[in-house]
Amino acid sequence: MISASDLRKGVTFEYEGDLCRVLEYQHSFIGRGSANVKVKLRNLKTGATIERVFGADERFEEVRLELREVQYLYSDGDLYYFMDTETYEQPALSAETLGERVDYLKEGLTLHISMHEGRPVEVELPVTVDLEVTQTGPGIKGDTATGATKKATLETGVVVQAPLFVEEGDMVRVDTRTGEYLTRVKG
C-alpha cells in the first residue's frame, strides 16, 4: 500500500479499479488542517487524464509494471502489434490506448512497453524519432531571415512545422514529447 503523500510523478497505482499513473502532483498544507495532495492522473486503461485531490492519509494499492523492450511491427485496423525482442511474443494495443503516440510509430521502431500481469498497458516512445518527409509546400525565397517555417507531412501522417530548406524525401528528427521538428538527418 502507498499513501497519497507518497505519490510522485511516474508512480503507478490502482484507483477505482483502474491502473493510473501520476503525471503531476502538488502537496498542500492548509493551516491547522490536514495536508492534501492534488494529482493529475492518466488512466492507463482508457488513456483519459483526470485531476483529483486526496487527503494525505488516503492509501492505494501500488502497482509494479514490468518494462519490456519491443519492436513495432504493424497495425491492423484499430490494433497495433509489437514484438518482444526477447520472447518474440506479439502483444497488441488499441489506438485508443496509444493515443497520439501512434503518430510516431514506424515499422521496426524499438521502444518499451509496460506490462501488468502479462497484459500490455502502455508504450514509452523514444525521446526522438527519425521520419521521412512525404509532402511539403514550397518555401518562399528571401523569407529565411525571420526563421520562417512551413508544414511538412511525415511518413506516419503527422504534420510538423519545419524550416523552409526541408524538402520531400528528407529525413527529419522529431521530439515525440512535443511533436516539434528538431533537425534534418542525413539519410
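Some observations on this one:
- Per-region count, the stretch 75-89, residues farther than 17 Å from L125 by Cβ and either out of contact with any strand residue (DSSP E or B) (no Cβ under 6 Å at 6 or more places or on another chain) or exposed (fewer than 13 other Cβ atoms within 10 Å of the Cβ) (or both): 7
For (1) more than 20 Å from G118 (Cβ to Cβ); (2) charged (D, E, K, R), each residue gets a yes or a no:
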residue: G10; (1), (2): yes, no
residue: E16; (1), (2): yes, yes
residue: S34; (1), (2): yes, no
residue: V53; (1), (2): yes, no
residue: D57; (1), (2): yes, yes
residue: Y74; (1), (2): yes, no
residue: E86; (1), (2): no, yes
residue: E89; (1), (2): no, yes
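- Residues in the stretch 77-123 that are part of a loop (DSSP other than H, G, I, E, B) and within 21 Å of F13 (Cβ to Cβ): E117, G118.
- Long-range neighbours under 6 Å by Cβ, at least six apart or interchain, first residue hydroxyl-bearing (S, T, Y) within the stretch 1-26, second exposed (fewer than 15 other Cβ atoms within 10 Å of the Cβ) and part of a strand (DSSP E or B): S3/R59
- Any hit, the stretch 1-12, residues being at pLDDT 85 or above, farther than 30 Å from P91 by Cα and within 21 Å of the chain's Cα centre (by Cα): no
- Counted residues, the stretch 156-187 - those being more than 11 Å from Q135 (Cα to Cα) and in a loop (DSSP other than H, G, I, E, B): 10
- Consider the stretch 39-49 and keep the residues that are under 19 Å from Q26 (Cβ atoms) and free of Cβ contacts under 8 Å to residues at least 24 places away in the same chain. The one that is surrounded by the fewest Cβ atoms within 10 Å (Cβ to Cβ) is K40.
- The residues listed here are R68, R64, R8, R21; of these, the one that is under 21 Å from L111 (Cα atoms), part of a loop (DSSP other than H, G, I, E, B) and of a type in the set (K, R) is R64.
The values are calculated or read from the model by the stated rules, or taken from the named source; none is laboratory data. Predicted model only: the values in this text are computed from it and were never measured. Cβ sites come from the backbone with ideal geometry, for glycine too, and all protein chains shown count toward neighbours.
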